[in-house]
Amino acid sequence: MKIVILNGSPKGDLSVTMQYILYAKKKIPEHDYKILNVAQQVNNLVKNDEKLKEFLEEIEGADAVIWGFPLYAMLISSQFKRFIELIFEKNLTDAFRDKYTMSLMTSIHFFDNTAEHYMHGICDDLEMRFVDFFSADSWDLLYPKERALWIQFIRIFFEAVETKVPTLRQYPQITTKEFDYLPGEIQNGEKKVDPGNKKIIVVSDSTDENTNLGKMIMRFQKSFSKNIEVINLHDIDIKGPCLGCVKCGYNHECVYSGKDGFQEFWEDKLMKSDVIIFAGAIKDRFLSSTWKMVYDRAFYNTHTPTLIGKQMGYIISGPLSQIPNLKEMMQAYVEIQMANLVGFVTDEYGDSSEIDALLHHLAHKSVKYAELNLIKPQTFLGVGGTKIFRDDVYGRNRFVFLADHEWYEEHGIYDTFPQNDKRAAEMNKKLIPLIKIDKVRNKMDFKQEFLKPFKRVIEDPRK
Ligand SMILES: Cc1cc2nc3c(=O)[nH]c(=O)nc-3n(C[C@H](O)[C@H](O)[C@H](O)COP(=O)(O)O)c2cc1C
């Protein structure tokens with residue numbers, strides 16, 4: 001069979017993910033494997049129709065397509081995302097229809113689930129026959145058991161292609177409805193929000209006031225009694241996307257530092273604001289690849305949060321409620337930054353006065369929260385994600401991410417290791433021997449016992 005691999009790594013042939021393919025090729029040599037470095041060559045594909053045609057012919061001639069990619073900021077790299085956009089923009093979907101497919105991703109398992117959902121959704125949109133995904137830890141191939149598992153998996157995939165197994169569409173098509181948002185004037189009785197000394201910033205990939213997004217941003221601006229800053233990402237000098245070189249791991253210094261304006265934008269604009277609103281229009285099952293590039297380039301801070309304590313919100317044009325995966329990423333991003341999610345406003349329900357009210361409320365709430373410095377507790381997304389980072393930076397990847405390690409040490413991140421919890425250690429020392437005594441355990445009423453310390457809080461007038 002002819003297997004085409006769409007390589008989503010900006011590193012091209014130097015991709016770790018592609019080593020899994022090379023290993024499969026070694027172990028199962030009877031197939032013809034063709035790797036296309038689409039992410040690395042995306043600029044060329046955008047500009048050069050001949051090159052794009054060449055790649056497309058390979059895809060058309062394939063028995064199966066593998067989307068092979070590294071995780072980049074909870075998703076795929078901006079370059080790979082741009083390639084996907086190109087397929088839809090240039091109406092090249094025919095080449096993919098009915099092709100058997102799977103995704104192979106490598107990562108440290110930090111939000112590999114969201115990347116998987118996205119990729120599967122795109123395959124469904126392309127009407128491909130999605131068989132399964134394989135999410136490997138970057139280093140898995142170095143271990144015999146994991147190598148064997150990968151080969152077992154890919155053999156089953158090849159069998160599925162040969163025997164033409166039935167596949168199920170998992171993600172319903174996204175539907176959009178035509179709607180022109182008509183922002184209303186601020187009503188006489190409606191009080192403008194005084195930002196006080198709080199710095200509010202809106203960042204968007206479009207401020208075109210002929211679009212719903214542009215109009216929503218404008219209406220949001222008008223909610224305030226003072227001017228707030230709106231930054232169009234296209235006005236920032238961003239020389240290019242993240243290249244995955246990880247030079248930033250040592251000192252949080254990007255290879256583009258001093259060569260473009262990204263770091264300045266991040267540090268002088270975002271990091272100096274109190275309220276940050278990200279605004280964008282949905283493109284396929286995420287925002288635009290421009291937005292994705294921003295998320296990827298922000299990785300120069302690697303695993304160190306830089307927006308701690310900020311109030312963050314999203315103004316989105318498009319059917320966000322149909323893509324819970326996107327909402328999850330947006331929420332996770334805020335939580336991982338140790339910031340606070342104020343909320344989302346979208347235009348998807350098609351009611352202008354409701355959008356006006358929601359935007360006004362977002363303005364009001366974000367300033368109020370900023371004044372109170374209110375940061376809600378993290379959910380599983382922030383708690384779990386932070387622990388993955390902590391363990392990886394403390395352990396096997398410390399030498400790569402020394403800047404994170406130093407920051408984690410200074411900021412007590414390692415204090416959260418459970419073995420450093422003195423209270424828990426004392427409690428366990430006292431209670432475990434007791435609980436091992438049958439008579440004590442059988443008499444113990446856990447429901448009552450668990451409530452005892454809470455009761456002390458409730459009943460204490462000073463607390
Ligand atoms: C910019 C950037 C963002 C990343 N984001 C994630 C992430 O969100 N989750 C994760 O588990 N790994 C993340 N990683 C780690 C890579 O996914 C991992 O190292 C991968 O194996 C690299 O594969 P490649 O060599 O094929 O590009 C990121 C790496 C880079 C450079």
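The values are calculated or read from the model by the stated rules, or taken from the named source; none is laboratory data. Just so it is clear, the model here is predicted, and its values are computed rather than measured. Please note: Cβ atoms are built from the backbone with ideal geometry, for glycine as well, and neighbour counts cover all protein chains shown. Keep in mind that these areas ignore ligands, DNA and RNA; they rest on the heavy atoms of the full protein, side chains included. Shrake-Rupley method; radii C 1.70, N 1.55, O 1.52, S 1.80 Å.
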What are the semi-axes of the equivalent ellipsoid of region 143-245, taken as the square roots of 5 times the eigenvalues of the Cα gyration tensor, listed largest first and rounded to whole Å? 50, 23, 14
With the cut-off at 1.5 for a/c, could you classify region 236-294 from its C-alpha gyration tensor as rounded, prolate or oblate? oblate
Place +1 on the Cβ of every Lys and Arg and -1 on the Cβ of every Asp and Glu in region 200-380, take the dipole about the Cα centre, and give the residue among 288, 342, 216 whose Cα lies farthest towards its positive end. 342
Could you tally the net charge around residue 273, taking each other residue with its Cβ under 9 Å from the Cβ of residue 273, Lys/Arg +1 and Asp/Glu -1? +3
Which value, in Å², gives the accessible area per residue of region 421-463 when a 1.4 Å probe is used on the protein heavy atoms? 106
Report the FRET efficiency, 1/(1 + (r/R0)^6), for residue 450 and residue 163, where r is their Cβ-Cβ distance and R0 is 56 Å, rounded to 0.05. 0.55
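Ignoring ligands, DNA and RNA, please state the percent of accessible area on the chain from carbon and sulfur, probe 1.4 Å.
Its accessible area is 53 percent carbon and sulfur atoms.
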Which trypsin sites (Lys or Arg not before Pro) in region 59-140 sit in a loop by DSSP (not H, G, I, E or B) and have at most 16 other Cβ atoms within 10 Å of their own Cβ? 90, 97
The rounded separation in angstrom of the Cα centers of region 363-399 and region 4-62 is 36
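Please compute the per residue accessible area over region 200-380 with all protein chains in place, 1.4 Å probe, rounded to a whole number of Å². Numbers along the way, then the final one.
Values: 7030 Å² over 181 residues.
On a per-residue basis, 39 Å².
Taking the chain, how much of its Cα-Cα pair set, in percent, is spaced more than 35 angstrom apart?
Working: 43696 of 106953 pairs.
Within the chain, distances greater than 35 Å cover 41 percent of Cα pairs.
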Helix-derived mean residue ellipticity, 222 nm - over the chain, DSSP H n ≥ 4, -39500 (n - 2.57), to 500: -13000 deg cm²/dmol
Quick one: how many Å² of residue 209 are accessible to a 1.4 Å probe, rounded to 10? 100
Hey, what's region 2-163 come to in accessible area per residue, 1.4 Å probe, Å²? 40
Estimated inter-spin distance, residue 182 and residue 235, nm [label 7 Å along Cα→Cβ]: 2.9
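Using the per-residue mean of other Cβ atoms lying within 10 Å as a proxy for protection, in what order, highest first, do the peptides 234-246, 28-40 fall?
By packing density, highest mean first, the sequence is 28-40, 234-246.
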Residue by residue through region 87-96, which ³J(HN,Hα) values in whole Hz follow from phi under the Karplus form 6.51 cos²θ - 1.76 cosθ + 1.60 (θ = phi - 60°), with glycine and proline marked x? 4, 6, 4, 8, 6, 9, 5, 4, 5, 9
In nm, the gap between the two label points placed 7 Å beyond Cα toward Cβ at residue 399 and residue 142 is 0.9
